[in-house]
Amino acid sequence: MRLLLVAIVCLVTFASINGYRGPFRKMFPTRKPTVLTVDDDPGEPLFLTPYLEQGKIDEARRLSSVELPPYTQQSFSGYLTVNKQYNSNMFFWFFPA
């Protein structure tokens, strides 16, 4: 029994040292997503409220679409106006779970 326990501990230790990717970790990409560096320009913020007020829903959906390689899940993000008087806006990032 003790020999079996030692064998299991050694096997688990060896597998974790060599970077074994179990069945649950294989669901996620191994590459890290690209991020902006100090010199990169993220562009202008996308305020969606004017598009929605004008009825340009398809254009708002197209502009708010986010693609983050290597992920293939479609998501959307932007700012929605909460209070025009105080220029208060709320950021959102929607992705299906």
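Taken over region 47-91, residues that are closer than 30 Å to THR30 by Cα, modelled with pLDDT of 95 or more and among the aliphatic types (A, V, I, L, M) amount to 1.
Has region 30-44 got at least one residue that is closer than 24 Å to MET90 by Cα, in contact with a Phe, Trp or Tyr (Cβ under 7 Å, 6 or more places away or on another chain) and modelled with pLDDT of 85 or more? Taking every residue of region 30-44 in turn, none turns out to be closer than 24 Å to MET90 by Cα, in contact with a Phe, Trp or Tyr (Cβ under 7 Å, 6 or more places away or on another chain) and modelled with pLDDT of 85 or more.
So for region 52-70 (the condition being touching a helix residue (DSSP H, G or I) at 6+ places or on another chain (Cβ under 8 Å), without any contact (Cβ under 8 Å) to a residue 40 or more places away in the chain, surrounded by 14 or more Cβ atoms within 10 Å (Cβ to Cβ) and of a type in the set (Ser, Thr, Tyr)), does at least one residue qualify? No: zero hits. Across region 40-58, the qualifying residues are those that are under 22 Å from the mean Cα position of the chain (by Cα) and not hydrophobic (A, V, I, L, M, F, W, C), and the one among them that is farthest from LYS84 (Cα to Cα) is ASP40.
The values are calculated or read from the model by the stated rules, or taken from the named source; none is laboratory data. Computed from a prediction, not measured in an experiment: that's the story for all the values here. Note: ideal-geometry Cβ built from the backbone for every residue, glycine included; neighbour counts use all protein chains shown.
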